[in-house]
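What follows is calculated from the coordinates using simple rules that are stated; it is not laboratory data. Quantities reported herein were computed from a predicted structural model and do not represent experimental measurements. Cβ atoms come from the backbone with ideal geometry, glycine included; neighbour counts cover every protein chain shown.
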């Protein structure tokens with residue numbers, strides 16, 4: 001992946017497939033580190049499935065549908081000296097609060113650190129593809145905070161206007177880019 | 001600042017339009033957005049279609065949607081176009097520039113851009 005924002009998009013797509021109704025994307029950074037978290041309330045993974053996801057070369061064919069997304073994220077993190085960790089609660093064992101938490105740490109000063117790229121485009125692409133899912137996006141550092149919560153947007157729009165309408169996507173993109181400009 | 005107040009104003013403008021639009025679309029543009037597609041550059045291609053459909057005023061007639069892996073990863077980014085009463089057209093190795101041409105000539109103009117189709121790629 002040429003941009004970390006593409007990894008974010010790709011991992012969040014797993015949450016969409018897991019039938020999440022809320023997907024949180026948190027990016028926290030300082031001078032040294034960038035931490036990226038994707039947290040969903042989807043169906044989750046069993047312990048056995050999770051093992052296969054983390055180590056793709058030990059996996060069986062039934063885990064194929066998760067594919068190369070996690071290994072690519074792992075590569076991007078580990079090549080900077082960072083790491084990926086995943087915890088998950090499968091709905092069969094946790095009927096009340098299931099979901100998956102993917103966390104990746106990157107060392108920004110490492111020469112193999114992939115730049116973030118167009119994160120706004122990742123957010124709007126996710127909303128365009130899944131207008132019924134709620135997304136909470138929060139990008140913070142010690143000096144700035146950029147955020148978007150589709151639950152707030154939805155509250156203003158009411159039930160009849162889908163978030164995938166071009167005018168709404170444009171407002172979301174403009175809102176985020178203004179926040180980044182004001183940093 | 002793009003405030004929530006501004007969003008409320010957009011809502012007021014859109015309210016009536018939404019009701020009229022429902023169920024009238026005749027064209028569907030589907031972009032493959034699995035790992036293979038994303039890695040190959042599907043995100044800007046999807047956005048080119050979303051923006052283009054809006055700018056050309058085609059939103060009442062054309063839906064842009066996303067799908068998973070279609071199974072021809074070597075041809076990603078892959079875009080499928082479904083027009084009512086016509087056979088599906090599969091465009092491969094798409095770029096923003098190609099998307100703009102497909103939008104203009106096929107979606108608007110009704111003429112398939114043969115050179116970008118999977119058939120053309122397989123015969124090359």
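Here is how the numbers come out for the structure above:
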read-out: Strands (runs of 3 or more DSSP E) fully within the range B:1-98 counting 3 or more residues that are within 13 Å of another protein chain (Cβ to nearest Cβ); value: B:27-32, B:62-67
read-out: Qualifying residue in the range B:105-118 (condition: in contact with a helix residue (DSSP H, G or I) (Cβ under 8 Å, 6 or more places away or on another chain), part of a helix (DSSP H, G or I) and either under 24 Å from residue A:10 (Cβ atoms) or within 14 Å of chain A (Cβ to nearest Cβ) (or both)); value: yes
read-out: Those residues of the range A:1-60 which are in a loop (DSSP other than H, G, I, E, B) and without any contact (Cβ under 8 Å) to a residue 24 or more places away in the chain, in sequence order; value: A:55, A:59, A:60
read-out: When residues of the range A:7-27 are limited to those that are more than 14 Å from every other protein chain (Cβ to nearest Cβ) and surrounded by 24 or more Cβ atoms within 10 Å (Cβ to Cβ), the one farthest from the chain's Cα centre (by Cα); value: A:20
read-out: The range A:132-155: number of residues that are at the interface with another protein chain (Cβ under 9 Å from one of its Cβ atoms) and surrounded by 15 or more Cβ atoms within 10 Å (Cβ to Cβ); value: 1
